[in-house]
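What follows is one structure encoded as structure tokens, with my remarks underneath.
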Amino acid sequence: MGYFRVFALFAFLAAVAVPQSLPDKWKTIRDSKGVCQITVPEDWEASPDRAGWAVLQDATNAIAVVTSQPGQAFKPLPESLLNLLGIPKEKVFESSSKRVFYQDKTAVKASDTNAFSVMVPGKTGSCSSRVVFVREISEETARKIVLSVSPVLD
């Protein structure tokens with residue numbers, strides 16, 4: 001439940017990123033409105049029930065989500081909001097006019113998950129992505145997925 005509150009809050013604040021090239025053998029997943037996208041490795045499965053979701057085997061291993069926030073102006077996250085959310089400064093990798101990228105969940109135990117979130121500017125609002133993953137999933141792969149968020153390329 002906390003995930004959805006945090007994600008909704010960031011969706012409200014909006015997002016920005018420069019589109020990155022599609023890695024070899026990766027596929028594009030679009031949000032439910034068809035305006036934002038992410039790329040995931042070919043062995044990830046898009047959700048048949050919800051647009052904008054992909055999982056690796058099942059949601060307990062890894063899940064990637066892309067959403068759009070039409071009309072939401074993007075701006076970097078203020079330090080006060082990061083403090084309120086309990087996100088340490090060292091977990092904020094970028095908070096610029098082009099992208100906000102941070103780790104909002106860090107595994108403590110082997111059974112815990114990690115999570116990265118990114119927000120970038122969209123064509124008529126902003127695009128956001130969150131990837132939640134277990135330790136067995138490489139951090140590099142999770143970063144590539146979450147950083148691939150962009151407006152749909154025409």
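Just so it is clear, none of the values below were taken in a lab; they were calculated from the coordinates. Here the structure is a predicted model, which means the values were calculated and not measured. Neighbour counts are summed over all protein chains in view; Cβ atoms, including those assigned to glycine, are modelled from backbone coordinates with ideal geometry.
Subtracting the Cα-Cα distance from 0.36 nm times the residue separation, let me have the gained length for GLU94 to GLU139 in nm, one decimal.
Values: separation 45, 0.36 × 45 = 16.20 nm, distance 1.66 nm.
Difference between extended and current length: 14.5 nm.
Count charges around GLN103 for me, please; just the other residues with Cβ under 10 Å from its Cβ, Lys/Arg as +1, Asp/Glu as -1.
Details: positive: LYS91, LYS105, ARG143; negative: GLU90, ASP104, GLU139.
Here the count lands on 0.
Which whole-Hz couplings ³J(HN,Hα) result when phi for each residue of segment 127-136 is put into the Karplus expression 6.51 cos²θ - 1.76 cosθ + 1.60, θ = phi - 60°, listed in order with x for Gly and Pro?
10, 10, 9, 9, 10, 10, 8, 7, 4, 5
Within 11 Å, Cβ to Cβ, of PRO70, how many net charges do the neighbouring residues add up to if Lys/Arg are +1 and Asp/Glu are -1? Kindly include the intermediate steps, with their values, before the conclusion.
Values: positive: LYS33, LYS123; negative: ASP31.
After counting each charged neighbour, the total is +1.
Strictly over 18 Å apart at the Cα level, which of LYS98/LYS123; LYS25/LYS98; LYS33/LYS123; LYS25/LYS91 would you flag in this model? Working shown, then result.
Numbers: LYS98/LYS123 13 Å; LYS25/LYS98 27 Å; LYS33/LYS123 12 Å; LYS25/LYS91 29 Å.
In this structure, LYS25/LYS98; LYS25/LYS91 exceed 18 Å between Cα atoms.
Counting only other residues whose beta carbon sits under 12 Å from that of ALA115, what net charge do I get with K and R as +1, D and E as -1?
Working: positive: LYS91, LYS105, ARG130, ARG143; negative: ASP104, ASP112, GLU139.
Spelling it out: positives minus negatives among the neighbours equals +1.
Would you list, by chain and number, the aspartates and glutamates whose Cα falls below 13 Å from the Cα of LYS27, excluding same-chain residues fewer than 8 positions away?
Within the straight-line cut-off, LYS27 pairs with GLU42, ASP43, GLU45.
Estimate the FRET efficiency between VAL108 and LYS75 by the formula 1/(1 + (r/R0)^6), using the beta-carbon distance for r and 25 Å for R0, to the nearest 0.05. Intermediate values should be presented prior to the final figure.
On the way: r = 31 Å, r/R0 = 1.25.
With R0 = 25 Å, the Cβ-Cβ based efficiency is 0.20.
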